[in-house]
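Q: Just dropping this structure here.
The values are calculated or read from the model by the stated rules, or taken from the named source; none is laboratory data. Source: prediction; values computed, not measured. Backbone-built Cβ (ideal geometry, glycine too); neighbour counts: all protein chains shown.
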Amino acid sequence: MAKAPLAIAVHGGAGTVDRALLTPEKEAAFLAALTAAVRRGHGVLTAGGTALDAVEAAVRVLEDSPLFNAGRGSVFTAEGTHEMDAAVMQGSDLRAGAVAGVQNVKNPVALARLVMERSGHVLLSGRGAFEFAHRHKLPLEDDAYFFDAYRHAQWQEVRGTDAVRLDHDAGGKKFGTVGAVALDAQGDLAAATSTGGMTNKRWQRIGDSPVPGAGTYANNATCAISCTGNGEAFLRAVAAHDVHALMAYKGLSLEEAVHVVVHEKLPPLDGEGGLIAVDHHGRVVLDFNSSGMYRAKIDAAGEEAAIF
């Protein structure tokens with residue numbers, strides 16, 4: 001049987017990207033991190049790894065960077081802690097794993113995969129998710145590992161108020177959720193998403209990232225999707241699954257389905273943001289309704305790009 005084309009894409013959040021506020025050094029750092037992530041994932045694919053292996057590897061790179069609101073760079077909650085969400089999904093059998101509100105886990109995306117493979121469940125949260133990580137000896141880090149002066153300053157601006165702040169808003173200073181989608185040589189699709197949520201969030205708020213069908217989805221019959229943006233809107237729109245549904249039930253192409261969701265269905269719900277997608281033919285679509293989205297891809301033709 002002929003091998004499927006290889007394709008992978010990553011994102012580092014969507015929102016207002018004001019280049020006037022970015023130094024050349026900062027811009028170079030973002031592009032370097034995105035490039036490193038997409039190359040890491042693509043390297044897994046070219047070595048014969050699965051799409052699931054590839055998206056996990058790519059997201060780990062972004063979680064390990066303080067530049068992005070996931071893993072090490074996660075924003076502060078109202079209590080001054082870090083509560084992280086992540087999900088993975090594989091398109092071959094629709095298995096998924098996710099965690100929400102987890103603390104002190106170095107790579108939440110790895111924990112999400114472990115939930116899928118070892119727990120018998122789909123979504124674990126809070127202390128239970130942490131205990132599951134500890135039992136399976138996943139790498140843990142103390143609070144100091146997750147401290148970032150810039151993230152702390154973001155929190156100080158709204159600390160003690162009822163305001164929450166999307167990490168990617170406010171004049172281009174902030175960037176959000178990370179994710180990856182991939183197609184491997186066996187024709188299998190996978191998606192992964194990871195986030196630190198909203199600055200100053202309260203009551204253990206959970207967004208769309210760890211919810212299969214909302215912020216993360218993969219189905220070999222159609223596509224793999226990872227979303228970024230206003231999580232409440234993406235939850236209400238069931239945005240990731242809606243792209244699949246438009247392809248499966250209406251026969252739309254990936255580009256057409258993504259356009260409908262991003263530009264027609266999300267805006268009436270105040271759904272600012274975007275998503276990355278790859279279909280079972282290796283076509284890659286990176287679309288958003290905000291003024292920018294940090295993204296990178298290596299498509300089926302081997303063309304590489306990392307852009308805002």
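Q: Check V44, V55 and return the single one that is under 21 Å from T195 (Cβ atoms) and either free of Cβ contacts under 8 Å to residues at least 24 places away in the same chain or of a type in the set (V, I, T) (or both).
A: Within the list V44, V55, the selection yields V55.
Q: Additional query: Would you please list the contacts, defined by Cβ atoms under 7 Å and residues six or more apart or on different chains, that run from a residue in the range 205-224 that is within 30 Å of A78 (Cβ to Cβ) and in contact (Cβ under 8 Å) with a residue 12 or more places away in the chain to a residue that is part of a loop (DSSP other than H, G, I, E, B) and of a type in the set (S, T, N, Q)?
A: Taking only residues 6 or more apart or on different chains, the pairs are S209/T177; G215/S209; T216/S209.
Conditions tested, residue by residue: (1) out of contact with any helix residue (DSSP H, G or I) (no Cβ under 9 Å at 6 or more places or on another chain); (2) in contact (Cβ under 8 Å) with a residue 12 or more places away in the chain; (3) among the hydrophobic types (A, V, I, L, M, F, W, C).
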| residue | (1), (2), (3) |
| --- | --- |
| A2 | yes, no, yes |
| A14 | yes, yes, yes |
| K26 | yes, no, no |
| F68 | no, yes, yes |
| G73 | no, yes, no |
| S92 | no, yes, no |
| V99 | no, yes, yes |
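Q: Could you grab me the full set of residues in the range 105-143 that are touching a residue at least 40 places away in the same chain (Cβ under 8 Å) and of a type in the set (S, T, N, Q)?
A: Hits for the range 105-143 are N107, S125.
Q: Among the residues of the range 20-58, write down those that are surrounded by fewer than 16 Cβ atoms within 10 Å (Cβ to Cβ) and at pLDDT below 95.
A: Within the range 20-58, A20, L21, T23, P24, E25, K26, E27, A28, A29 meet the criteria.
Q: Turning to a different aspect of this structure: Tell me yes or no: at least one residue of the range 70-88 is among the aromatic types (F, W, Y), surrounded by fewer than 22 Cβ atoms within 10 Å (Cβ to Cβ) and farther than 30 Å from E303 by Cβ.
A: No, every residue in the range 70-88 fails to be among the aromatic types (F, W, Y), surrounded by fewer than 22 Cβ atoms within 10 Å (Cβ to Cβ) and farther than 30 Å from E303 by Cβ.
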